[in-house]
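Visitor: Attaching a single structure in structure tokens format; questions to follow.
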Amino acid sequence: MSSEQFIQGIIGGLAIGCIYSLIALGITIIIRATEILHFAQGELMMIGAMAGISAMWMVDLPFWVVLLVGMIGGGVAAVTIELSIYRTLRTLRVPLINIIISTLGVSLILQNAARLIWGSEPLRYPPLFHTRGIDIAGFAISPQLIWIVVLGFVMMAGLQAFFRFTRLGIAMQAAAQDPEAAQLMGISVKRTTTYTFVVAGVMAGAAGVLLGSLFFASFNMGFLSGIKAFVAATLGGLGSLTGAMLGGIAFGLIETFSGVLISTAYKDAVGMVILIAILLLAPSGIFIRAGRRI
Amino acid sequence: MQSATIRILVLVLLVAAPFIQTNTYWQHIFGVALIGAILALGLQLLVGMAGLLSLGQGAFYGIGAYVSAVLTLHFGVPFGLAFLTAGLVAAISSLLLVPIVKLPSSSLAVATLGFNIIIYLFMLNEEWATGGSYGMLNVPLPSFFGFKFTTERDLYFLILAVTAIIYFGLDRLAHSRFGRALRAISQDEDAARACGISIIRYKSKCFLVAAFTAGIAGSLYAHHARYLNPNDFTFNKSIEILIMVVVGGLGSLPGAVIGAIIIVLMPEFLRSSGEWRLILFGALVVVLMGVSRGGIAGLAPMVLRFVPGLRNSAGKTVESVEARR
């Protein structure tokens, strides 16, 4: 492996890892707030990608507007399913496993609705960036990958700041940690749960535009990415924000390098073997110290 | 007594099905539904009784299917032997999961999912063994002591017989010491341990039995469909089996059978709705999850309550369902 391949592997792995992190963050905050394993998170990402590409078909937009449209698309889709389905199910007090299965139903609905609307052919994103490679230390690096890494990190930092410094963010954290105590402090847990889905949808929507710009947008792009993000969240320690971010990035790097070093056919398998190994050696994930959530 | 009558009624209905519907396509679908029922029964033991959320049953199903197909196609092994070997190989490969059975449920779900992806990639890429993405063609029809199962109806009865045996076996198992231990584990692991139940050993045995069941279901699938492709054994299959179990009702064996039949037949009935088919299917899954706590098995007594004259017996069913939890 040459040093050029190595640098490109690092940047490529970071870029795809950031996308997994954004989806994994959504999965994590939903688990923290509601204990639901949200299998439709990948589909929210797909909706974001589709919303972005549809906006671009109508008018020629600068990249950041497309990203914003994708985020709004993901957020709107998330809040719609939360209010119409998950909240209803919670009100009916069905067991958790039923809600988890219903997210699989939601994933099926979103996938096939998207197929009806946008067709089953993969859609190519118009070039969003200059395609000429940037020269870094003598190596040609695609500016698109660098943008994805930068934007990914900015959004993750933004999310951290939101949870640490804003009133709503702190209320959401409190409601997730101890719903009853939060309720007594005057926080509407019902509302923070809905906001949790909005934030998760926005993150997934952003991931969708980034992933779409890298490859294609298609109705079935979501499920496998969602599963991988789920694995990434577990890798970092299910339920930890930092864990989800680092887990996503670690999974992206593992996937990229095992594709280069071992075999492209088995790159997903390598990620899964590492996942199982980590679950055995450090059941709470690699980035959690002795059960403490960071 | 009441539930025994219902069981006999269902059995009679299942035996009569291929005589009522003589179209071979439908008879084939009925067979597929019963194979789904075997898979759901196996997973019911894991999820419904032991509370182990496994998303890896599709892998054992695939292992069983390929073992059976390779043995009969390339080595000329008779069906009966290949059938049993398929179950055994699947069960033995479940021993790979022994280290991970101690994980908490969400991690266990991800780990078994990962296992399924690994096995799928093996089936897809090791062309010398599985034919890769081209799949395996012309898997021989099953035969047993010289009797060849050639028509769809014969195949259906073969599958029905296996389903009945599996059902009976798991029913016995659920009411044995083993079944009670599993239920104790699913309710309170620490208390179960304090009562002298070896958690890891019971959970591993549970995986072993479920994997054996999935393996023989895979063998039946191989000789029923006669064409294997790795795409039939992705984690989507595992999730589909989980949907069958939850739709049917967690913890209920008849529920698993009914859930499987519904999940396999529903897309067929929705076929006329064309492109809306899978959207409707997803919506139905969501609605079913909402209307009833215990899936179809929990819904049946609710419906029966509205039928006058059945009120007493329906009440009893509710009690027995509650008692079983």
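Since every read-out is calculated from the coordinates, none of them should be taken as a lab result. Owing to the predicted nature of the structure, the values given are computational and were not obtained by experimental measurement. In this analysis, Cβ positions are derived from the backbone assuming ideal geometry, glycine residues included, and neighbour counts consider all displayed protein chains.
Visitor: Suppose we look only past 19 Å in the calculated P(r) of the range B:213-272. What percent of the Cα-Cα pairs does that tail hold? Each step should come with its number before you reach the end.
Guide: Details: 693 of 1770 pairs.
Of the Cα pairs, 39 percent sit more than 19 Å apart.
Visitor: Where does each of A:157-165, A:91-99 land if you order them by average Cβ count within 10 Å, highest first?
Guide: Most protected by this proxy first, the peptides run A:91-99, A:157-165.
Visitor: Please get the size of the charge dipole for the protein assembly as shown, origin at its Cα centre, with Cβ charges of +1 on Lys and Arg and -1 on Asp and Glu, quoted in debye to the nearest 20. The partial results should precede the final answer.
Guide: Numbers: 38 positive and 25 negative charges, 332 e Å.
The calculation lands at about 1600 debye.
Visitor: Under 17 Å between alpha carbons, and skipping anything fewer than 8 positions from B:LYS205 in its own chain: which lysines qualify?
Guide: Counting by Cα, and skipping residues close in sequence, B:LYS205 has these lysines nearby: B:LYS102.
Visitor: Going by average Cβ density within 10 Å per residue, which order do the peptides A:29-39, A:265-275 take, highest to lowest?
Guide: Details: A:29-39: 22.3, A:265-275: 19.7.
Highest to lowest by the protection proxy: A:29-39, A:265-275.
Visitor: I'd like to compare B:276-283, B:83-90: which one has the highest average count of other Cβ atoms within 10 Å, and what's the full order after that? Mind showing how you got there, number by number?
Guide: On the way: B:276-283: 18.0, B:83-90: 23.1.
Descending mean neighbour count gives B:83-90, B:276-283.
Visitor: As a test of the formula, what do you get for the protein assembly as shown when each DSSP H run with n ≥ 4 contributes -39,500 (n - 2.57) and the sum is divided by the residue count, at 222 nm and rounded to the nearest 500 deg cm²/dmol?
Guide: Computed ellipticity for the protein assembly as shown at 222 nm equals -24000 deg cm²/dmol.
Visitor: What percentage of all Cα-Cα pairs in the protein assembly as shown are separated by more than 38 Å? Don't jump to the answer; show the numbers that get you there.
Guide: Values: 64966 of 191271 pairs.
The answer is 34 percent, as a whole percent.
Visitor: Given H placed on each backbone N at 1.01 Å, which residues far from A:LEU123 in sequence or on other chains put an amide H within less than 5 Å of it?
Guide: A:ALA217, A:SER218
Visitor: Which value in Å is the Kirkwood Rh of the range B:107-196 over different Cα pairs?
Guide: On the way: mean 1/r = 0.0565 Å⁻¹.
Radius from the Kirkwood sum: 17.7 Å.
Visitor: Let me ask another. Using the Cα atoms of the range B:23-234, I'd like the radius of gyration and the largest Cα-Cα distance, Dmax, both in angstrom.
Guide: 17.5, 56
Visitor: Considering only C-alpha atoms, what is the centroid distance from the range B:131-172 to the range A:1-47, in Å?
Guide: That distance is 42 Å.
Visitor: Give me a single rounded figure for B:108-119: the average over its residues of other chain Cβ atoms within 10 Å of their Cβ.
Guide: Details: counts 1, 4, 12, 8, 1, 6, 12, 4, 1, 10, 9, 2.
The per-residue average across the peptide is 6.
Visitor: Count, for each residue of A:260-267, the Cβ atoms from other chains sitting within 10 Å of its Cβ, then give me the mean as a whole number. The partial results should precede the final answer.
Guide: Working: counts 0, 0, 0, 2, 1, 6, 5, 1.
Per residue, the average neighbour count from other chains is 2.
Visitor: Place +1 on the Cβ of every Lys and Arg and -1 on the Cβ of every Asp and Glu in the protein assembly as shown, take the dipole about the Cα centre, and give the residue among B:LEU39, B:GLY80, B:GLY51 whose Cα lies farthest towards its positive end.
Guide: Going by the Cα projections, it comes out as B:GLY51.
Visitor: Of the residues B:VAL209, B:VAL67, B:VAL285, which exhibits the maximal mean-square fluctuation in a Gaussian network model of chain B defined by a 10 Å Cα contact cut-off?
Guide: B:VAL285
Visitor: Sticking with this one: Can you tell me the orientation of helix A:3-34 relative to chain A, as the angle in degrees between its alpha-carbon axis and the longest Cα principal axis, to the nearest 10?
Guide: Helix A:3-34 and the main axis of chain A meet at about 10 degrees.
Visitor: Of all the C-alpha pairs in chain A, what % are more than 36 Å from each other?
Guide: Of the Cα pairs, 14 percent sit more than 36 Å apart.
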